[in-house]
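Note sheet for the following structure.
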Amino acid sequence: MTTIKDLELKSIRYRREILSMISKANAGHTAGDLSCIDILNVLYNKIMDIRPENFSSSHRDHYIQSKGHSVEALYAVLADIGFYDLADLDTLNQYKSHYVGHPTRAVNGIEHNTGALGHGLSVAVGIALALKKDLQPYRVFTLLGDGELEEGSNWEACMSAAHYQLDNLIAIVDRNTLQITDYTENVSQLEPLEDKFRAFGFSVKSVDGNSILDLTRVFEDIPFERGKPNLVMARTIKGKGISFIENNLAWHHHAPTSDEFHSAFHELDLAEMKWKQAYEPG
């Protein structure tokens with residue numbers, strides 16, 4: 001059984017892989033990847049029934065990454081659980097590579113093309129409704145960026161999710177409060193965001209989106225209320241895990257220089273050392 005301490009170590013190692021592939025490609029959404037990687041770690045390694053062995057079947061859980069520009073985090077997790085070789089990610093953004101800057105179905109383990117922001121929730125609602133009509137027990141998870149909530153299609157999808165009582169739908173907002181140009185509240189005010197989802201008929205829970213333990217507990221409590229779609233407000237830090245990237249707007253789309261790469265790896269080495277001291281004393 002995968003433990004909380006196992007997942008905490010995975011998150012450190014996933015962060016290394018994200019930085020490595022973006023550095024080699026010289027392109028990527030580094031900070032957003034680092035804010036959501038703990039969410040993907042818990043979902044794929046602890047919560048969802050999605051594996052290479054069952055991916056071709058409809059009899060499983062489903063995952064849509066609406067926040068498509070943070071695809072490097074998804075690539076790292078899918079490689080780790082066996083959808084393809086980790087070495088494949090060395091081709092990120094190279095000519096004729098399927099591993100491009102947004103999710104596509106050309107990559108094994110990815111269910112839907114995304115990256116045109118604001119569309120993933122609508123797709124997830126459709127899948128969840130189909131599962132309900134077919135009396136299937138599976139669930140649909142979708143990860144949204146907070147900036148993409150400015151797209152009106154999200155709120156149309158929310159109305160449908162509540163109307164059809166889709167308690168098999170789990171929407172997760174990566175609430176890191178930053179988007180490409182500024183803080184979300186300076187671009188287009190979202191708060192009170194949890195109240196808005198409640199008003200649209202969702203059952204809402206807030207969680208530290210960079211805590212493996214807290215994420216595990218909240219996802220294990222789904223559905224929050226029978227007959228209501230679920231909203232997990234994951235309050236994260238953009239760039240989490242690397243001090244000079246955290247809450248730094250310049251890193252929305254930025255590949256590390258050689259010096260930045262080595263500084264980031266040093267911080268992750270220290271994080272792994274602290275993990276070992278906590279769990280492997282002596």
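Leaving ligands, DNA and RNA out of it, report the carbon-plus-sulfur percent of the accessible area of region 1-110 at a 1.4 Å probe. The partial results should precede the final answer.
Values: 1950 of 4090 Å².
So the carbon and sulfur contribution to the accessible surface is 48 percent.
How would region 100-235 be classified by its alpha-carbon gyration tensor: rounded, prolate or oblate, with rounded meaning a/c under 1.5 and the a/b versus b/c comparison settling the rest?
Verdict is rounded for region 100-235.
Return an integer: the convex hull volume of the alpha-carbon atoms of region 1-75, in Å³ per residue. Could you put the intermediate results ahead of the total?
Numbers: hull volume 7.6 nm³, N = 75.
About 101 Å³ per residue, rounded to a whole number.
For every other residue with a beta carbon closer than 9 angstrom to the beta carbon of HIS62, add +1 if it is Lys or Arg and -1 if Asp or Glu, then tell me the sum. The partial results should precede the final answer.
Details: positive: ARG60, ARG139; negative: ASP61, GLU111.
Charge balance in the 9 Å sphere: 0.
Note down the accessible area of LEU129, probe 1.4 Å, to the nearest 10 Å².
Only protein atoms counted, so the area is about 40 Å².
Applying the Karplus parametrisation 6.51 cos²θ - 1.76 cosθ + 1.60 with θ = phi - 60° to the phi angles of region 7-18, what ³J(HN,Hα) value in whole Hz is obtained for each residue in order, glycine and proline being reported as x?
5, 4, 5, 4, 4, 4, 6, 4, 4, 4, 5, 4
Given N residues in region 7-136, what is its alpha carbon radius of gyration divided by 2.2 N^0.38 Å? Don't skip to the end; give the middle numbers.
Details: Rg = 14.5 Å, N = 130, 2.2 N^0.38 = 14.0 Å.
After normalising by residue count via 2.2 N^0.38 Å, the value is 1.03.
Can you give the calculated 222 nm mean residue ellipticity of the chain, where each DSSP H run of n ≥ 4 adds -39,500 (n - 2.57) and the sum is split over every residue, rounded to the nearest 500 deg cm²/dmol?
Numbers: 9 runs with 112 residues, N = 282.
My calculation for the chain gives -12500 deg cm²/dmol from helical runs alone.
Using R₀ = 45 Å, calculate the FRET efficiency as 1/(1 + (r/R₀)^6) where r is the Cβ-Cβ separation of GLU156 and TYR279; round to 0.05.
Values: r = 46 Å, r/R0 = 1.02.
Taking R0 as 45 Å, the efficiency between GLU156 and TYR279 is 0.45.
Ignoring everything but the protein chains, give the 1.4 Å probe accessible area of TYR183 in square angstrom, nearest 10.
Ignoring ligands and nucleic acids, TYR183 comes out at about 100 Å².
Which angle from 0 to 90°, rounded to the nearest 10, does the C-alpha axis of helix 71-80 make with the longest principal axis of the chain?
Roughly 80 degrees between the two axes.
How many Å² of accessible area per residue for region 1-91, probe 1.4 Å? Could you put the intermediate results ahead of the total?
Numbers: 2910 Å² over 91 residues.
Accessible area per residue: 32 Å².
Looking at region 140-204 from every direction and averaging, what is the projected area of its Cα convex hull in nm²?
On the way: hull surface 16.7 nm².
Mean orientational projected area (region 140-204, Cα hull): 4.2 nm².
The values are calculated or read from the model by the stated rules, or taken from the named source; none is laboratory data. What you are looking at is a predicted structure, and each value in this text was computed from that prediction instead of being measured. Positions of Cβ are generated from backbone atoms using ideal geometry, with glycine treated the same way; all protein chains shown enter the neighbour counts. Accessible surface areas use protein heavy atoms only, side chains included; no ligands, DNA or RNA. Shrake-Rupley method; radii C 1.70, N 1.55, O 1.52, S 1.80 Å.
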